[in-house]
Amino acid sequence: VVYDQRILSFKGLEAASLLTLDGRLTIPMQMGAYQRTAFSRGHGQADLVLVNGQFYLLLVVETPQAPPMDPDGFIGIDLGIVNIATDSDGERHSGATVEAKRQRYQRLRQRLQACG
């Protein structure tokens, strides 16, 4: 069920007031610490959903838009097979350490599977 600001209001962080056919119902709410901080930016719409016999009120939270970023520079990365990465500054990063670790774990898996 979709609720908007005309049929849904909040009583602080503890309860929501919903308009129903039988009148207004005050329903207790629970939310985590992060949700409590973001709740101050709550927007005027919420969805009431039933999941496995439990009702959940899904709120729309409006977050401020981050200011546009003006980078001083940037770096590009080309992922490869021989060299795991080559950046746009020309520096090559070998995959030898990663490949040695992969081969070590492959041999270990083979020995363990042979033991059952």
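Between 66, 85, 33, the GNM of the chain built on Cα springs shorter than 10 angstrom shows 85 fluctuating the most.
Projecting the Cα atoms of 69, 29, 10 onto the charge dipole of the chain, computed from C-beta unit charges around the Cα centre, puts 29 farthest toward the positive end. Placing +1 on the Cβ of every Lys and Arg and -1 on the Cβ of every Asp and Glu, with nothing else charged, gives the chain a dipole about its Cα centre of roughly 840 debye. Here mean projected area of the Cα convex hull in nm² was calculated from the structure, and among (i) 7.8; (ii) 15.8; (iii) 11.1 it sits at label (ii).
If contacts are Cα pairs under 8 angstrom and at least 6 residues apart, what is the relative contact order of the chain in percent? Numbers along the way, then the final one.
Values: 116 pairs, mean separation 16.1, N = 116.
In percent, rounded to a whole number, it is 14.
In the chain, helices alone account for a calculated mean residue ellipticity at 222 nm of -7000 deg cm²/dmol, with every DSSP H run of four or more residues adding -39,500 (n - 2.57).
For the chain, the share of accessible area belonging to carbon and sulfur comes to 56 percent (1.4 Å probe, ligands and nucleic acids excluded).
Under 1.5 on a/c is rounded, so check that first for segment 1-52, then, if it is not, pick prolate when a/b is larger than b/c and oblate when it is not; a ≥ b ≥ c are the square roots of the alpha carbon gyration tensor eigenvalues. Because a/c hits 1.5 or more and a/b exceeds b/c, segment 1-52 counts as prolate. With respect to the chain, whose longest principal axis is taken over its alpha-carbon atoms, helix 96-115 is tilted by about 80°.
The values are calculated or read from the model by the stated rules, or taken from the named source; none is laboratory data. On a predicted model such as this, the values are computed, not experimentally measured, just so you know. Counting neighbours? That spans all protein chains shown, and the Cβs are built from the backbone with ideal geometry, glycine included. When the accessible area is computed, the model is the full protein with side chains, heavy atoms only, and any ligands, DNA or RNA have been set aside. Shrake-Rupley method; radii C 1.70, N 1.55, O 1.52, S 1.80 Å.
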